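In what follows, a structure is listed as structure tokens, so that the remarks can point back to it.
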Amino acid sequence: MTASTVAQYLAALPADRRAALSAVRKVINENLPVGYEEGMQFGMIGWYVPLSLYPAGYGENPKVPLPLVALASQKSGMVLHFLSFYGHPTLSTWFTSEYKKSGKKLDMGKGCVRFKSLENLALDVVGRTVSRVSSEEHRDNYQAAGAHGQGKLRKGSRAGQQRKEVGSDEGETKGVTLATALGEQDGVKPSLDRLFTRSDHPAR
């Protein structure tokens, strides 16, 4: 059963995962700029621009808030998804540079940071990264990036937009993008591609 609240999500995790994600969540909330909210989004703990501030929503869907960061426990480990890197290459470059300075090993995809334990994650860098993007700047970056990608989207088939490669039913999903996840809700047309993987259920 998918958790509907952050408390439910955390409660369903093993003790070590709950402690690690709670610590990451605390740092994000302490550094989160004004204009964002926290809640469950796409089966993960998410921070997003509320519809009251960006009524157009993600993927031009007025029912889906624009995500900034997401945090999840997966079967193979834990992951942070940074939508803020999309349309903001200087932030991604800065993050990589600062992470290397921390001495921690960075396991990073296009927009995600994977970590096996809290000790593997440069928490200070995560906090400073979150603090660098105001909700206004995030909206502007998203709109600017979306304007460049709309042509390709219109050419794609709906079947292609909703393609999934699902892993085990115990919480691991493979290759399910955030764009695809959004495509499953309220008929939204995905506007980003191959940014995130998603975990629908807490790892057991």
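Counting only protein heavy atoms and using a 1.4 Å probe, the accessible area of PHE115 comes to about 10 Å². To the nearest 10, the accessible area of GLU60 is 140 Å² with a 1.4 Å probe. Counting only Cβ charges, +1 for Lys and Arg and -1 for Asp and Glu, the dipole size of the stretch 1-149 around its Cα centre is about 560 debye. The peptide list 66-78, 122-134, put in order of mean Cβ contacts within 10 Å with the highest first, becomes 66-78, 122-134. Across the options LEU32, VAL130, GLY146, the greatest Cα extent toward the positive end of the charge dipole of the stretch 1-156 (unit charges at beta carbon of Lys, Arg, Asp, Glu) belongs to GLY146.
The values are calculated or read from the model by the stated rules, or taken from the named source; none is laboratory data. Quick caveat, the model's predicted, so the values are computed rather than measured. In this analysis, Cβ positions are derived from the backbone assuming ideal geometry, glycine residues included, and neighbour counts consider all displayed protein chains. With ligands, DNA and RNA removed, areas are computed over all heavy atoms of the protein, side chains included. Shrake-Rupley method; radii C 1.70, N 1.55, O 1.52, S 1.80 Å.
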